[in-house]
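Report on the structure given below.
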Amino acid sequence: MIPANIEDYRLMAKKRLPKFLFEYIDGGAFSETTLRNNILDLQTINVRQRVLRDISNIDTSCELFGRRYNLPLILAPVGIAGLNARRGEVLAAQAAEQKNIPFSLSTVGVCTIEEVARQTTSPFWFQLYMIKDRGFLNAILERAKNSGVTNLIFTVDMPIPSSRYRDIRSGLSGGSPLRRQTARLLQSMLKPNWAWDVGLRGRPHNLGNVAPALKKNAGIDEFWAWLGQNFDPSVTWQTLESIRENWQGNLIIKGILDPRDADQAKALGADGIIVSNHGGRQLDGALSSIQALPAIGERIAGEIPIIVDGGIRSGLDIIRAIALGANAVMIGRPWVYGLSARKKQGVLDVISIFENEMRVAMGLSGNTQVSQLNRDILVL
Ligand SMILES: Cc1cc2nc3c(=O)[nH]c(=O)nc-3n(C[C@H](O)[C@H](O)[C@H](O)COP(=O)(O)O)c2cc1C
């Protein structure tokens, strides 16, 4: 198949990856209602077609946190992405750099902050969860600073991990350790390309950033156990104040879905927020991100940048989200599908798809600048 859109890359990823990895990327919480609504609610937003408006010079660029990017599009933090292609986070960061858009590295990435920094030249964004061990938390902030990170994403919608049935069934998190390991081994053997590229040549397979907190040669089960024990469910806005005090760079709070929480983030001194339900992976039944966005925009638009993620699958979705109050969007699964399907080239291709589609959608709705994308371009 010659892939044309994000769904095509999804199908290619499914073919290439062991089942437990594909299901981890593709799945969501509980009955996956929010996951589905993230995508469907965007598709029901009608865009106004306009004609004869000289669209020969379309500019998709935007400014975020003092830097100009080619697109209002950011690669979202995705855990263990480095297992989907050899040293996957480095490849994605390089693709993002080549396309002049930001890449965000997850706390639970396979590649460390330092490895990504060594293999790229532009600054990338780093995402952090609230970890109980504050010594570890402060050390990781220091490491991010020393590696040139200036934009810190602090994710707040995971004080407790949700139930993802697909991960239980696939053997990623369910069953006895022996059953899990056997299932993963068998699934890996069924995908020889992946087994050769990542299984054999992509070591180490650990979560690089948290490895210092674990014993040597810890396997994936030990890492999950450490995460389960170290995510801090007692975190409050007060706890975040200490992060704000310790971090001089931009602080972007990820996982806001309610306007009151957006107000609190602003009051805390956040430099930006990400309207997100974690891609439908946490509270199933929560509003889709695009449904939540307008009320949040009404409260804080123009004061601090609003980024939205969840279900963005085309360049058309980017203009819908910006029209409803976002300054930029993030994509999670789409770039990981690309990476899984075709390594770095797959991420480049996925970004190009978003870029080309956004250009077409802007032109056919009669717009040439991102700043023109407001509610008037929609038929609401
Ligand atoms: C496989 C997977 C792992 C993720 N890991 C993280 C993570 O480590 N940290 C984080 O803040 N968000 C994480 N997310 C959420 C994404 O950053 C983002 O919010 C979400 O994927 C956006 O939805 P989309 O996949 O529909 O684009 C993850 C998402 C997926 C699909």
Quiz item: Of all residues in segment 180-213, how many are closer than 16 Å to Cys111 by Cβ and assigned to a loop (DSSP other than H, G, I, E, B)?
Solution: 7
Quiz item: Phe231 fails exactly one of the following numbered conditions: (1) within 18 Å of Ile160 (Cα to Cα); (2) touching a Phe, Trp or Tyr at 6+ places or on another chain (Cβ under 7 Å); (3) modelled with pLDDT of 90 or more. What is the number of that condition?
Solution: (3)
Quiz item: Since Gly255 meets every condition but one in (1) in a strand (DSSP E or B); (2) under 25 Å from Lys344 (Cβ atoms), which condition does it not meet?
Solution: (2)
Quiz item: Can you tell me which residues in segment 61-92 are closer than 30 Å to Ala211 by Cα, of a type in the set (A, V, I, L, M) and more than 15 Å from the ligand (Cβ to nearest atom)?
Solution: Val90, Leu91
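Looking for whichever is under 29 Å from Arg10 (Cα atoms) and among the aromatic types (Phe, Trp, Tyr) here; the options are Phe223, Phe231. Which one fits? First the steps, then the outcome.
On the way: Phe231 fails: under 29 Å from Arg10 (Cα atoms).
Just one listed residue meets the conditions, Phe223.
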Quiz prompt | Within segment 219-236, tally of residues that are surrounded by 13 or more Cβ atoms within 10 Å (Cβ to Cβ) and within 25 Å of Val275 (Cα to Cα) | solution = 5
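Condition check ((1) in contact (Cβ under 8 Å) with a residue 60 or more places away in the chain; (2) in contact with a Ser or Thr (Cβ under 9 Å, 6 or more places away or on another chain); (3) within 20 Å of Leu378 (Cα to Cα); (4) of a type in the set (Gly, Ala, Ser)) across all residues:
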position	(1), (2), (3), (4)
Asn277	yes, yes, no, no
Gly280	yes, yes, no, yes
Asp284	yes, yes, no, no
Glu303	no, no, no, no
Gly310	yes, yes, yes, yes
Arg313	yes, no, yes, no
Ile319	yes, yes, yes, no
Gly338	yes, no, no, yes
Ala341	yes, no, no, yes
Exercise. Considering only residues that are within 10 Å of Asp284 (Cβ to Cβ) and among the β-branched types (Val, Ile, Thr), look in segment 26-43 and name the one that is nearest to the ligand (Cβ to nearest atom).
Key: Thr34
Self-check item: Candidate set from segment 134-160 (those that are among the charged types (D, E, K, R) and crowded, with 17+ Cβ neighbours inside 10 Å); member that is nearest to Thr107 (Cα to Cα)
Solution: Arg143
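Anything in segment 171-209 that is among the β-branched types (Val, Ile, Thr) and surrounded by fewer than 19 Cβ atoms within 10 Å (Cβ to Cβ)? List them, or say none. So that I can check it myself, show each step before the final result.
If we filter segment 171-209 for residues that are among the β-branched types (Val, Ile, Thr), which is where we start, we get 182, 198.
Within segment 171-209, Thr182 is the sole residue that qualifies.
For Ile243, indicate whether it is in a strand (DSSP E or B) and either within 16 Å of the ligand (Cβ to nearest atom) or within 22 Å of Ser106 (Cα to Cα) (or both).
Details: in a strand (DSSP E or B): no; either within 16 Å of the ligand (Cβ to nearest atom) or within 22 Å of Ser106 (Cα to Cα) (or both): yes.
Answer is no for this residue.
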Quiz item: What pairs come up if the first residue lies in segment 127-144 and is farther than 14 Å from Arg244 by Cα, the second is among the polar types (S, T, N, Q) and in a helix (DSSP H, G or I), and their beta carbons are under 7 Å apart, counting only those six or more places apart or on different chains?
Solution: Ile131/Asn230; Lys132/Asn230; Asp133/Asn230; Ile140/Asn209
Self-check item: Looking only at segment 144-168, and only at residues there that are of a type in the set (A, V, I, L, M) and touching a Pro at 6+ places or on another chain (Cβ under 8 Å), the one that is nearest to the ligand (Cβ to nearest atom)
Solution: Ile153
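Got a sec? Which of Leu172, Leu128, Leu105, Leu141 is under 21 Å from the mean Cα position of the chain (by Cα) and modelled with pLDDT under 95? Before you say what the answer is, go through the steps one by one.
Values: Leu128 fails: modelled with pLDDT under 95; Leu105 fails: modelled with pLDDT under 95; Leu141 fails: modelled with pLDDT under 95.
Exactly one of Leu172, Leu128, Leu105, Leu141 is under 21 Å from the mean Cα position of the chain (by Cα) and modelled with pLDDT under 95, namely Leu172.
Check Ser163, Ser122 and return the single one that is surrounded by fewer than 21 Cβ atoms within 10 Å (Cβ to Cβ), assigned to a loop (DSSP other than H, G, I, E, B) and free of Cβ contacts under 8 Å to residues at least 40 places away in the same chain. Lay out the reasoning, then the answer.
Numbers: Ser163 fails: free of Cβ contacts under 8 Å to residues at least 40 places away in the same chain.
From the options Ser163, Ser122, the qualifying one is Ser122.
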Quiz prompt | Checking Arg333 against (1) under 15 Å from the mean Cα position of the chain (by Cα); (2) over 24 Å from Ser106 (Cβ atoms), the condition it does not meet | solution = (2)
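The values are calculated or read from the model by the stated rules, or taken from the named source; none is laboratory data. A quick note: this is a predicted structure, and the numbers were derived from the prediction, not measured. FYI the Cβ positions are ideal-geometry reconstructions off the backbone, even for glycines, and counts take in every protein chain you see.
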